[in-house]
1. How much FRET efficiency would the formula 1/(1 + (r/R0)^6) give for ALA130 and GLU34, where r is the Cβ-Cβ distance and R0 is 35 Å, rounded to 0.05?
2. If I model a spin label as a point 7 Å beyond the Cα along the Cα-Cβ vector, how far apart are those points for GLU57 and ASP142 in nm?
3. Could you derive backbone 3J(HN,Hα) for segment 46-53 from the dihedral phi with the Karplus parameters 6.51, -1.76 and 1.60 (θ = phi - 60°), listing whole Hz in sequence and x where the residue is Gly or Pro?
4. Residue by residue through segment 151-158, which ³J(HN,Hα) values in whole Hz follow from phi under the Karplus form 6.51 cos²θ - 1.76 cosθ + 1.60 (θ = phi - 60°), with glycine and proline marked x?
5. Does anything in segment 27-53 have its amide N under 14 Å from the 7 Å Cα→Cβ label point of MET163, and if so which residues?
6. Can you give the Kirkwood hydrodynamic radius for segment 59-115, in Å, rounded to one decimal and based on Cα pairs?
7. Rounded, prolate or oblate: which fits segment 78-171 when a ≥ b ≥ c are the square roots of the eigenvalues of the alpha-carbon gyration tensor, with rounded for a/c under 1.5 and prolate only if a/b beats b/c?
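What follows is calculated from the coordinates using simple rules that are stated; it is not laboratory data. Bear in mind the structure is a predicted one, so any value in this text is a computation, not a measurement. Cβ: placed from backbone, ideal geometry, glycine included. Neighbour counts: every protein chain shown.
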Amino acid sequence: MVKRPQLVLPTVVYPDVLGLLTIDHRKVQVLFAEFQAKRGRLRIHEKFELVRKVCAELLVHFAVEEGIFYPAVRQQIHDGALMDEAWDQHDSAKSLIILLGKIPPDEPMFDAKVRALAEQVEHHIQDEEAVMFPKVLVSDIDLVVLGRELLEAKNGMRARLGMPIEEIADEHFPGEDTYMSSSHARHAAARMREI
Ligand SMILES: [Fe+2]
């Protein structure tokens, strides 16, 4: 019998900057999937609450990327086009979020715009995880130090917005960069060096 290849996902949480941003990505993907799966059955206020939650998560995510992550990346990887594209994607997503705030959630246009936002965010996630993050991984950026800075800024913003604080305790930050020591990361780094 032919054995099918299996997709092996890393099971370790990497609480460095790339790990933290990846956790954000998964969080919003889950919320969008929940919206898609339940939207026919949700009451209007439940639908609104779900979309409000995903938009708040996205705005915090974009803010820390723009304020902390992107400036560090721009300085190190010298790829202006990639960074400009990332900013454009943020602007498009933020425009959709502003638009959503003006559409009553019981209108069909509301669902259409949520789906457009989900697609836009999926592009953002693919571009970062497939292109930007591997470049960051082989750069001189200290992923753990930047991760701490990012987490502090996120928690400050989340507190101001009345969102729960993300509890990743100090002791969970690795002494050394465990992301680099994972086979997944080593493979990504090796591929980047070949380019
Ligand atoms: Fe991101």
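1. That pair, ALA130 with GLU34, gives E of 0.90.
2. 3.1
3. For segment 46-53, the Karplus curve yields 5, 5, 4, 5, 5, 5, 4, 5 Hz.
4. These are the phi-based 3J(HN,Hα) values: 5, 4, 5, 4, 5, x, 5, 4 Hz.
5. Answer for this model: 27-32, 50-53.
6. 12.9
7. oblate
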